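Structure record follows, encoded as C-alpha coordinates.
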Amino acid sequence: MNMIFKRRLPIPKEIKEMYPLDDNLLEIKKKNDEEIKNIITGKSNKLLLIIGPCSADREDAVMDYVHRLRNLQEKVKDQIFIVPRIYTNKPRTTGAGYKGMLHQPDPNESPDMLKGLIAIRKLHMEVIKETGFSTADEMLYPESHRFLNDILSYVAVGARSVENQQHRLTASGADVPIGMKNPTSGDLSVMMNSINAAQHPHTFIYRNWEVESTGNPLAHAILRGYVDERGVSHPNYHYEDLIELSELYKKSGFKNPAVIVDCNHSNSNKNYLEQIRIAKEVLHSTRHNPEINKLVKGLMIESYLEDGCQKVGDCIYGKSITDPCLGWDKTEKLVLELAELRKIKY
(Lines give C-alpha, C1' and ligand atoms only; values in the text may rest on other atoms or scores of the structure.)
Protein backbone atom coordinates (compact mmCIF):
# COMPACT_ATOMS: atom_id res chain seq x y z
CA MET A 1 0.00 0.00 0.00
CA ASN A 2 1.39 3.35 -1.04
CA MET A 3 0.71 5.13 2.27
CA ILE A 4 2.79 6.22 5.22
CA PHE A 5 0.95 5.62 8.52
CA LYS A 6 2.20 8.60 10.53
CA ARG A 7 0.43 8.08 13.87
CA ARG A 8 -2.79 6.82 15.40
CA LEU A 9 -5.22 9.64 16.15
CA PRO A 10 -7.38 9.80 19.27
CA ILE A 11 -10.89 8.43 18.95
CA PRO A 12 -13.81 10.92 19.19
CA LYS A 13 -14.55 9.94 22.80
CA GLU A 14 -11.01 10.90 23.84
CA ILE A 15 -11.18 14.30 22.10
CA LYS A 16 -14.60 14.96 23.66
CA GLU A 17 -13.24 14.12 27.12
CA MET A 18 -10.37 16.55 26.56
CA TYR A 19 -12.74 19.32 25.41
CA PRO A 20 -16.22 18.58 26.84
CA LEU A 21 -19.37 20.63 26.50
CA ASP A 22 -20.61 21.60 29.95
CA ASP A 23 -24.29 21.45 30.92
CA ASN A 24 -24.83 25.12 30.17
CA LEU A 25 -23.51 24.83 26.61
CA LEU A 26 -25.51 21.65 26.04
CA GLU A 27 -28.66 23.46 27.12
CA ILE A 28 -27.94 26.34 24.73
CA LYS A 29 -27.43 23.88 21.89
CA LYS A 30 -30.63 22.03 22.78
CA LYS A 31 -32.65 25.24 22.47
CA ASN A 32 -31.00 26.10 19.14
CA ASP A 33 -31.65 22.58 17.85
CA GLU A 34 -35.32 22.88 18.71
CA GLU A 35 -35.60 26.22 16.92
CA ILE A 36 -33.99 24.81 13.76
CA LYS A 37 -36.08 21.65 13.91
CA ASN A 38 -39.25 23.74 14.15
CA ILE A 39 -38.26 25.62 10.99
CA ILE A 40 -37.52 22.44 9.03
CA THR A 41 -40.78 20.81 10.13
CA GLY A 42 -42.87 23.92 9.49
CA LYS A 43 -43.79 24.66 13.09
CA SER A 44 -41.94 27.96 12.81
CA ASN A 45 -42.25 30.40 9.90
CA LYS A 46 -38.83 31.95 10.46
CA LEU A 47 -36.23 31.87 7.71
CA LEU A 48 -33.18 29.72 8.47
CA LEU A 49 -30.03 31.59 7.43
CA ILE A 50 -26.84 29.51 7.28
CA ILE A 51 -24.18 32.13 6.73
CA GLY A 52 -20.45 32.53 7.10
CA PRO A 53 -17.07 32.13 5.43
CA CYS A 54 -16.48 29.65 2.63
CA SER A 55 -13.84 28.20 4.95
CA ALA A 56 -13.06 28.95 8.60
CA ASP A 57 -9.37 29.67 8.13
CA ARG A 58 -8.38 31.50 11.34
CA GLU A 59 -9.98 31.63 14.76
CA ASP A 60 -9.61 35.36 15.45
CA ALA A 61 -11.32 36.51 12.24
CA VAL A 62 -14.05 33.87 12.49
CA MET A 63 -14.87 34.86 16.07
CA ASP A 64 -14.90 38.55 15.11
CA TYR A 65 -17.36 37.71 12.34
CA VAL A 66 -19.61 35.57 14.57
CA HIS A 67 -19.78 38.28 17.27
CA ARG A 68 -21.02 40.68 14.59
CA LEU A 69 -23.60 38.08 13.56
CA ARG A 70 -24.78 37.91 17.16
CA ASN A 71 -25.60 41.62 17.17
CA LEU A 72 -27.30 41.28 13.79
CA GLN A 73 -29.37 38.33 14.98
CA GLU A 74 -30.95 40.47 17.68
CA LYS A 75 -32.16 42.93 15.03
CA VAL A 76 -33.84 40.26 12.88
CA LYS A 77 -34.84 37.65 15.46
CA ASP A 78 -38.57 37.89 14.70
CA GLN A 79 -38.04 36.88 11.06
CA ILE A 80 -34.70 35.07 10.75
CA PHE A 81 -32.81 32.44 12.73
CA ILE A 82 -29.07 32.52 12.03
CA VAL A 83 -26.76 29.51 12.10
CA PRO A 84 -23.08 30.45 11.61
CA ARG A 85 -21.41 28.53 8.84
CA ILE A 86 -18.13 27.29 10.38
CA TYR A 87 -16.78 25.03 7.64
CA THR A 88 -13.59 23.43 8.87
CA ASN A 89 -12.91 20.89 6.13
CA LYS A 90 -13.15 21.66 2.43
CA PRO A 91 -13.62 19.38 -0.58
CA ARG A 92 -11.22 20.18 -3.40
CA THR A 93 -12.26 19.29 -6.95
CA THR A 94 -8.73 18.37 -8.07
CA GLY A 95 -7.40 17.49 -4.62
CA ALA A 96 -5.16 20.56 -4.60
CA GLY A 97 -5.47 23.64 -2.42
CA TYR A 98 -6.36 24.49 1.17
CA LYS A 99 -8.42 21.66 2.65
CA GLY A 100 -9.57 23.48 5.75
CA MET A 101 -8.70 23.91 9.40
CA LEU A 102 -9.02 20.17 10.04
CA HIS A 103 -6.01 19.63 7.78
CA GLN A 104 -4.16 22.86 8.45
CA PRO A 105 -4.97 24.80 11.62
CA ASP A 106 -2.55 27.36 10.22
CA PRO A 107 -2.97 27.69 6.43
CA ASN A 108 0.66 28.75 6.12
CA GLU A 109 2.03 25.62 7.80
CA SER A 110 2.12 21.93 6.90
CA PRO A 111 -0.91 19.70 7.53
CA ASP A 112 -1.33 18.40 11.09
CA MET A 113 -4.52 16.42 11.57
CA LEU A 114 -4.19 16.01 15.35
CA LYS A 115 -3.83 19.75 15.86
CA GLY A 116 -6.63 20.17 13.37
CA LEU A 117 -9.07 17.93 15.24
CA ILE A 118 -8.43 19.87 18.43
CA ALA A 119 -8.59 23.26 16.69
CA ILE A 120 -11.94 22.64 15.01
CA ARG A 121 -13.57 21.31 18.18
CA LYS A 122 -12.29 24.28 20.20
CA LEU A 123 -13.52 26.74 17.54
CA HIS A 124 -17.05 25.33 17.40
CA MET A 125 -17.14 25.30 21.22
CA GLU A 126 -15.90 28.88 21.42
CA VAL A 127 -18.73 30.04 19.17
CA ILE A 128 -21.37 28.53 21.48
CA LYS A 129 -19.63 29.78 24.61
CA GLU A 130 -19.12 33.38 23.50
CA THR A 131 -22.18 34.02 21.31
CA GLY A 132 -24.88 31.45 22.11
CA PHE A 133 -24.89 30.31 18.48
CA SER A 134 -24.46 26.67 17.63
CA THR A 135 -22.97 25.99 14.28
CA ALA A 136 -23.09 24.35 10.84
CA ASP A 137 -20.30 22.38 9.21
CA GLU A 138 -19.92 20.07 6.22
CA MET A 139 -19.66 16.32 6.59
CA LEU A 140 -16.67 15.81 4.34
CA TYR A 141 -15.45 12.70 6.16
CA PRO A 142 -18.25 10.54 7.67
CA GLU A 143 -15.77 8.84 10.02
CA SER A 144 -14.88 12.24 11.51
CA HIS A 145 -18.46 13.29 12.20
CA ARG A 146 -18.42 12.06 15.80
CA PHE A 147 -15.64 14.48 16.71
CA LEU A 148 -18.25 17.26 16.39
CA ASN A 149 -21.66 15.56 16.49
CA ASP A 150 -22.43 16.83 20.00
CA ILE A 151 -21.69 20.44 18.96
CA LEU A 152 -23.19 20.93 15.50
CA SER A 153 -26.79 22.00 15.00
CA TYR A 154 -26.75 21.69 11.21
CA VAL A 155 -24.76 19.52 8.80
CA ALA A 156 -24.42 19.67 5.02
CA VAL A 157 -23.43 16.84 2.68
CA GLY A 158 -21.68 18.38 -0.29
CA ALA A 159 -22.29 18.02 -4.02
CA ARG A 160 -19.34 15.66 -4.45
CA SER A 161 -20.35 13.46 -1.50
CA VAL A 162 -24.11 13.19 -1.83
CA GLU A 163 -23.98 9.96 -3.85
CA ASN A 164 -21.61 8.27 -1.41
CA GLN A 165 -23.19 5.45 0.58
CA GLN A 166 -21.30 6.12 3.80
CA HIS A 167 -22.39 9.76 3.86
CA ARG A 168 -26.01 8.74 3.38
CA LEU A 169 -25.94 6.07 6.07
CA THR A 170 -24.11 8.28 8.57
CA ALA A 171 -26.71 10.99 7.93
CA SER A 172 -29.43 8.45 8.77
CA GLY A 173 -27.97 8.18 12.28
CA ALA A 174 -27.75 11.92 12.97
CA ASP A 175 -30.25 13.75 15.18
CA VAL A 176 -29.92 17.23 13.63
CA PRO A 177 -31.01 18.49 10.20
CA ILE A 178 -28.73 17.32 7.41
CA GLY A 179 -28.94 19.04 4.03
CA MET A 180 -28.20 16.98 0.94
CA LYS A 181 -26.88 19.10 -1.91
CA ASN A 182 -27.72 18.32 -5.50
CA PRO A 183 -24.66 16.79 -7.22
CA THR A 184 -22.42 18.86 -9.46
CA SER A 185 -24.17 17.28 -12.49
CA GLY A 186 -27.50 18.71 -11.31
CA ASP A 187 -29.32 15.35 -11.33
CA LEU A 188 -32.04 15.89 -8.74
CA SER A 189 -32.80 12.16 -8.55
CA VAL A 190 -29.39 11.64 -6.93
CA MET A 191 -30.23 14.20 -4.25
CA MET A 192 -33.70 12.75 -3.69
CA ASN A 193 -32.27 9.23 -3.39
CA SER A 194 -29.83 10.55 -0.82
CA ILE A 195 -32.63 12.12 1.21
CA ASN A 196 -34.56 8.86 0.99
CA ALA A 197 -31.59 6.88 2.28
CA ALA A 198 -30.94 9.34 5.10
CA GLN A 199 -34.55 9.31 6.26
CA HIS A 200 -34.65 5.51 6.65
CA PRO A 201 -33.00 3.14 9.19
CA HIS A 202 -29.96 1.08 8.25
CA THR A 203 -27.46 -1.43 9.60
CA PHE A 204 -23.90 -0.71 8.50
CA ILE A 205 -20.23 -0.55 9.52
CA TYR A 206 -19.13 2.69 11.17
CA ARG A 207 -15.75 3.21 12.82
CA ASN A 208 -15.25 -0.60 13.06
CA TRP A 209 -18.65 -1.09 14.74
CA GLU A 210 -21.76 -2.74 13.44
CA VAL A 211 -24.33 -0.01 14.03
CA GLU A 212 -28.05 0.52 13.52
CA SER A 213 -29.50 3.90 12.64
CA THR A 214 -33.11 4.93 13.15
CA GLY A 215 -33.36 7.29 10.17
CA ASN A 216 -33.25 11.07 10.13
CA PRO A 217 -36.61 12.68 9.28
CA LEU A 218 -34.89 16.10 9.14
CA ALA A 219 -32.78 15.22 6.07
CA HIS A 220 -33.66 17.62 3.26
CA ALA A 221 -32.56 19.20 -0.03
CA ILE A 222 -30.05 21.93 -0.76
CA LEU A 223 -30.08 23.45 -4.26
CA ARG A 224 -26.66 24.81 -5.26
CA GLY A 225 -26.77 24.90 -9.06
CA TYR A 226 -24.84 22.57 -11.34
CA VAL A 227 -22.25 22.32 -14.10
CA ASP A 228 -23.01 20.80 -17.50
CA GLU A 229 -20.79 18.54 -19.62
CA ARG A 230 -19.17 21.61 -21.17
CA GLY A 231 -18.22 23.03 -17.78
CA VAL A 232 -20.88 25.77 -17.87
CA SER A 233 -22.64 26.64 -14.60
CA HIS A 234 -26.44 26.64 -14.42
CA PRO A 235 -28.61 27.89 -11.55
CA ASN A 236 -31.49 25.93 -10.02
CA TYR A 237 -32.98 28.47 -7.60
CA HIS A 238 -35.56 30.01 -9.93
CA TYR A 239 -39.33 29.80 -9.44
CA GLU A 240 -39.63 26.92 -11.94
CA ASP A 241 -36.84 24.97 -10.22
CA LEU A 242 -38.57 25.27 -6.86
CA ILE A 243 -41.87 24.11 -8.40
CA GLU A 244 -40.08 21.09 -9.88
CA LEU A 245 -38.58 20.20 -6.51
CA SER A 246 -41.95 20.59 -4.83
CA GLU A 247 -43.44 18.09 -7.29
CA LEU A 248 -40.60 15.63 -6.66
CA TYR A 249 -41.26 15.84 -2.94
CA LYS A 250 -44.98 15.21 -3.48
CA LYS A 251 -44.20 12.03 -5.44
CA SER A 252 -41.64 10.85 -2.87
CA GLY A 253 -43.75 10.90 0.26
CA PHE A 254 -40.70 11.94 2.32
CA LYS A 255 -41.10 13.41 5.78
CA ASN A 256 -40.72 17.17 6.22
CA PRO A 257 -40.34 18.39 2.61
CA ALA A 258 -37.80 21.21 2.79
CA VAL A 259 -35.14 22.99 0.80
CA ILE A 260 -32.33 25.38 1.60
CA VAL A 261 -31.16 27.46 -1.37
CA ASP A 262 -27.39 27.91 -1.61
CA CYS A 263 -26.97 31.38 -3.07
CA ASN A 264 -23.35 30.88 -4.15
CA HIS A 265 -21.47 28.09 -5.97
CA SER A 266 -23.01 27.25 -9.35
CA ASN A 267 -26.17 29.22 -8.55
CA SER A 268 -24.10 32.40 -8.70
CA ASN A 269 -21.40 31.02 -11.00
CA LYS A 270 -19.18 31.92 -8.01
CA ASN A 271 -19.91 35.61 -8.54
CA TYR A 272 -20.34 36.33 -4.85
CA LEU A 273 -22.14 39.64 -5.39
CA GLU A 274 -24.97 37.78 -7.14
CA GLN A 275 -25.90 36.24 -3.78
CA ILE A 276 -27.69 39.49 -2.91
CA ARG A 277 -30.00 39.27 -5.92
CA ILE A 278 -30.49 35.49 -5.64
CA ALA A 279 -31.53 35.63 -1.98
CA LYS A 280 -34.13 38.31 -2.74
CA GLU A 281 -35.44 36.42 -5.78
CA VAL A 282 -35.98 33.27 -3.71
CA LEU A 283 -37.99 35.23 -1.14
CA HIS A 284 -39.96 36.83 -3.98
CA SER A 285 -40.87 33.33 -5.22
CA THR A 286 -42.06 32.28 -1.76
CA ARG A 287 -44.49 35.20 -1.65
CA HIS A 288 -46.14 34.25 -4.95
CA ASN A 289 -46.76 30.56 -4.43
CA PRO A 290 -47.91 28.90 -1.19
CA GLU A 291 -46.28 25.59 -2.17
CA ILE A 292 -42.91 27.28 -2.59
CA ASN A 293 -43.43 29.23 0.61
CA LYS A 294 -44.04 25.97 2.44
CA LEU A 295 -41.03 24.25 0.84
CA VAL A 296 -38.31 26.91 1.17
CA LYS A 297 -36.96 26.90 4.73
CA GLY A 298 -33.87 29.00 4.32
CA LEU A 299 -30.79 30.26 2.52
CA MET A 300 -27.06 29.61 2.53
CA ILE A 301 -24.82 32.62 1.98
CA GLU A 302 -21.02 32.80 1.90
CA SER A 303 -19.93 35.87 3.82
CA TYR A 304 -16.89 37.08 5.73
CA LEU A 305 -15.41 40.35 6.96
CA GLU A 306 -13.97 41.46 3.61
CA ASP A 307 -15.30 41.18 0.06
CA GLY A 308 -13.82 38.65 -2.33
CA CYS A 309 -10.98 36.23 -1.76
CA GLN A 310 -7.20 36.11 -1.54
CA LYS A 311 -4.39 33.64 -2.02
CA VAL A 312 -3.06 31.65 0.91
CA GLY A 313 -0.20 33.66 2.34
CA ASP A 314 -1.62 37.10 1.56
CA CYS A 315 -2.80 37.28 5.20
CA ILE A 316 -5.55 39.88 4.77
CA TYR A 317 -7.60 39.68 7.96
CA GLY A 318 -11.12 38.38 7.40
CA LYS A 319 -10.81 37.71 3.67
CA SER A 320 -11.58 34.25 2.29
CA ILE A 321 -8.73 32.03 1.10
CA THR A 322 -11.12 29.76 -0.82
CA ASP A 323 -14.24 30.96 -2.67
CA PRO A 324 -15.03 34.71 -2.66
CA CYS A 325 -17.48 35.94 -0.02
CA LEU A 326 -19.65 38.97 0.65
CA GLY A 327 -17.95 41.44 2.98
CA TRP A 328 -19.53 42.45 6.28
CA ASP A 329 -21.12 45.75 5.22
CA LYS A 330 -22.95 44.09 2.31
CA THR A 331 -23.86 41.13 4.52
CA GLU A 332 -25.42 43.26 7.23
CA LYS A 333 -27.40 45.29 4.72
CA LEU A 334 -28.65 42.15 2.97
CA VAL A 335 -29.78 40.39 6.15
CA LEU A 336 -31.68 43.47 7.30
CA GLU A 337 -33.34 43.71 3.88
CA LEU A 338 -34.28 40.02 3.94
CA ALA A 339 -35.94 40.50 7.33
CA GLU A 340 -37.99 43.39 5.92
CA LEU A 341 -38.96 41.37 2.83
CA ARG A 342 -40.20 38.58 5.07
CA LYS A 343 -42.72 40.98 6.56
CA ILE A 344 -44.35 41.72 3.20
CA LYS A 345 -47.59 39.82 2.63
CA TYR A 346 -49.00 39.54 -0.90
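The values are calculated or read from the model by the stated rules, or taken from the named source; none is laboratory data. Everything quoted here is computed from the prediction, not taken from an experiment. Every residue, glycine among them, receives a Cβ derived from its backbone with ideal geometry; neighbour counts consider all protein chains shown.
Among all residues of segment 319-328, there is none that is farther than 24 Å from residue 37 by Cα and loosely packed, with under 15 Cβ neighbours inside 10 Å. For segment 215-239, the tally of residues that are surrounded by fewer than 18 Cβ atoms within 10 Å (Cβ to Cβ) and under 18 Å from residue 279 (Cβ atoms) stands at 3. Count of segment 205-228 residues, restricted to those that are within 21 Å of residue 296 (Cβ to Cβ) and assigned to a loop (DSSP other than H, G, I, E, B), is 6. Among the candidates 132, 116, 95, which residue alone is over 17 Å from residue 59 (Cβ atoms) and either buried (at least 16 other Cβ atoms within 10 Å of the Cβ) or modelled with pLDDT under 90 (or both)? When all the criteria are applied, what remains is 95. Counting only strands (runs of 3 or more DSSP E) wholly contained in segment 127-204, the ones carrying 3 or more residues that are farther than 21 Å from residue 12 by Cβ occupy 178-181. Within segment 313-346, the set of residues being more than 15 Å from residue 61 (Cα to Cα), aliphatic (A, V, I, L, M) and in a loop (DSSP other than H, G, I, E, B) comprises 344 only. Counting residues in segment 242-262 that are among the basic types (Lys, Arg) and either part of a loop (DSSP other than H, G, I, E, B) or at positive phi (or both) gives one or more. Here residue 121 clears all of (1) farther than 26 Å from residue 236 by Cβ; (2) of a type in the set (Lys, Arg); (3) surrounded by fewer than 19 Cβ atoms within 10 Å (Cβ to Cβ) except the condition numbered (3). Return the residues of segment 100-131 that are more than 20 Å from residue 316 (Cβ to Cβ) and among the charged types (D, E, K, R); say none if nothing qualifies. The answer is 112, 115, 121, 122, 126, 129, 130. When 39, 86, 80 are checked against the criterion of being modelled with pLDDT of 95 or more, in contact with an Asp or Glu (Cβ under 9 Å, 6 or more places away or on another chain) and closer than 19 Å to residue 177 by Cβ, 86 stands alone in meeting it. Regarding residue 56, is this residue touching a residue at least 40 places away in the same chain (Cβ under 8 Å), within 23 Å of residue 149 (Cβ to Cβ) and crowded, with 16+ Cβ neighbours inside 10 Å? Considered against the rule, which asks whether it is touching a residue at least 40 places away in the same chain (Cβ under 8 Å), within 23 Å of residue 149 (Cβ to Cβ) and crowded, with 16+ Cβ neighbours inside 10 Å, residue 56 comes out as yes.
The single condition from (1) surrounded by fewer than 24 Cβ atoms within 10 Å (Cβ to Cβ); (2) within 30 Å of residue 337 (Cβ to Cβ); (3) touching a residue at least 60 places away in the same chain (Cβ under 8 Å) that residue 71 fails is (3). Between 289, 271, 267, the distinction of being within 21 Å of the chain's Cα centre (by Cα), surrounded by fewer than 18 Cβ atoms within 10 Å (Cβ to Cβ) and free of Cβ contacts under 8 Å to residues at least 60 places away in the same chain belongs to 271 only.
One line per residue, one yes/no per condition, for (1) surrounded by 12 or more Cβ atoms within 10 Å (Cβ to Cβ); (2) of a type in the set (A, V, I, L, M, F, W, C); (3) touching a residue at least 12 places away in the same chain (Cβ under 8 Å); (4) touching a strand residue (DSSP E or B) at 6+ places or on another chain (Cβ under 6 Å):
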site: 15; (1), (2), (3), (4): yes, yes, yes, no
site: 27; (1), (2), (3), (4): no, no, no, no
site: 37; (1), (2), (3), (4): yes, no, yes, no
site: 47; (1), (2), (3), (4): yes, yes, yes, yes
site: 52; (1), (2), (3), (4): yes, no, yes, yes
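Among the criteria (1) free of Cβ contacts under 8 Å to residues at least 40 places away in the same chain; (2) buried (at least 23 other Cβ atoms within 10 Å of the Cβ); (3) β-branched (Val, Ile, Thr), the one residue 178 does not fulfil is (1).
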